[in-house]
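The values are calculated or read from the model by the stated rules, or taken from the named source; none is laboratory data. Just so it is clear, the structure is predicted and the values come from calculations on it, not from any experiment. Cβ coordinates were reconstructed from backbone atoms using ideal geometry, including for glycine residues, and neighbour counts include every protein chain displayed.
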Amino acid sequence: MNDKNIIDQIIDNIAEDGYIILQNALDGILVQNLYKHVSSLTSLTKAKIGRGSERQRVKKIRSDKTLWLEGKEESERTYLESMEILRQAINRALYMGLVEYEAHFAHYDEGAFYQKHVDVLKGSNKRLLTTVFYLTPDWKEGDGGELLIYDEEGKTVLAKVAPKIGTIVIFLSDKFPHEVLPSKIDRYSIAGWFKGT
Ligand code: OGA
Ligand code: MN
């Protein structure tokens, strides 16, 4: 993500289309280390939906397991540093007022999915820009777990993204309903959000 061309490409696509799908945006060694790390974690827990009293386990809506990145391990730290560089570049170019970034690892095991939703939560510190970085090795056609990105009305599929290791998707959090199709294999990713004030 220190590559100026990649950052410029992200900025241009966000400005024009509101989203981008990109391969090999991060260093290959880092990506391998992230995969080794996430696939060895045993502390991921059932994902919850919403905030405060609304927070509940809704198996019908999503069935992944997650763990927030805290930067205590080196690949996590390097990943968060890359996102910090991106945050500053996007703010300089697009004045989006992104003030922080939060991210969690996600593991979808066989049959896990996430129904169509929008990422924006109510209240302050709004999620403005979503990132999903994929860490699923050897994904092939038929393995499922693709991300479907819909238009704002949620009717037309704009893109179907394979969760292949090394691919990153970035989109405006309030503009694109999206869903994760049931995965037939272990599917790993880092979902993250740049937030405003
Ligand atoms: C999410 C999400 C998409 C993906 O965690 O909010 O939509 O492809 N993830 O993992
Ligand atoms: Mn989402």
Checklist outcome for this item: Of LEU34, LEU80, LEU26, the only residue that is modelled with pLDDT of 95 or more, of a type in the set (A, V, I, L, M, F, W, C) and not in a helix (DSSP H, G or I) is LEU26
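To keep it simple, each residue is scored yes or no on (1) over 18 Å from the mean Cα position of the chain (by Cα); (2) under 27 Å from SER82 (Cβ atoms); (3) more than 13 Å from ligand 1 (Cβ to nearest atom); (4) assigned to a strand (DSSP E or B).
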residue: PHE105; (1), (2), (3), (4): no, yes, no, yes
residue: ASP119; (1), (2), (3), (4): no, yes, no, no
residue: GLY123; (1), (2), (3), (4): yes, no, yes, no
residue: THR130; (1), (2), (3), (4): no, yes, no, yes
residue: ASP138; (1), (2), (3), (4): yes, yes, yes, no
residue: GLU153; (1), (2), (3), (4): yes, no, yes, no
Checklist outcome for this item: Reported set for the range 100-125 where residues are out of contact with any Pro (no Cβ under 8 Å at 6 or more places or on another chain) and surrounded by fewer than 16 Cβ atoms within 10 Å (Cβ to Cβ) is GLU100, GLU102, ASP109, GLU110, GLN115, VAL120, LYS122, GLY123, SER124, ASN125
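Residue-wise test of (1) of a type in the set (Gly, Ala, Ser); (2) modelled with pLDDT of 95 or more; (3) buried (at least 19 other Cβ atoms within 10 Å of the Cβ); (4) under 22 Å from ASN13 (Cα atoms).
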{"position": "TYR95", "(1), (2), (3), (4)": "no, yes, no, yes"}
{"position": "LEU98", "(1), (2), (3), (4)": "no, yes, yes, yes"}
{"position": "VAL132", "(1), (2), (3), (4)": "no, yes, yes, yes"}
{"position": "PRO137", "(1), (2), (3), (4)": "no, yes, no, no"}
{"position": "LEU147", "(1), (2), (3), (4)": "no, yes, yes, yes"}
{"position": "LYS155", "(1), (2), (3), (4)": "no, yes, no, yes"}
{"position": "ILE170", "(1), (2), (3), (4)": "no, yes, yes, yes"}
{"position": "ASP186", "(1), (2), (3), (4)": "no, yes, no, no"}
Next on the checklist: For the range 94-103, which positions are of a type in the set (Gly, Ala, Ser) and in a loop (DSSP other than H, G, I, E, B)?
Outcome noted: GLY97
Checklist outcome for this item: When SER53 is run through (1) assigned to a helix (DSSP H, G or I); (2) at pLDDT 95 or above; (3) loosely packed, with under 14 Cβ neighbours inside 10 Å, the failure sits at (2)
Next on the checklist: Just to verify a result, which residue in the range 107-117, among those that are assigned to a strand (DSSP E or B) and within 14 Å of ligand 2 (Cβ to nearest atom), is farthest from TYR19 (Cα to Cα)?
Outcome noted: TYR108
Checklist entry - Restricting to the range 68-106, what's the tally of residues that are of a type outside the set (Lys, Arg) and either within 16 Å of ligand 2 (Cβ to nearest atom) or touching a residue at least 60 places away in the same chain (Cβ under 8 Å) (or both)? => result 22
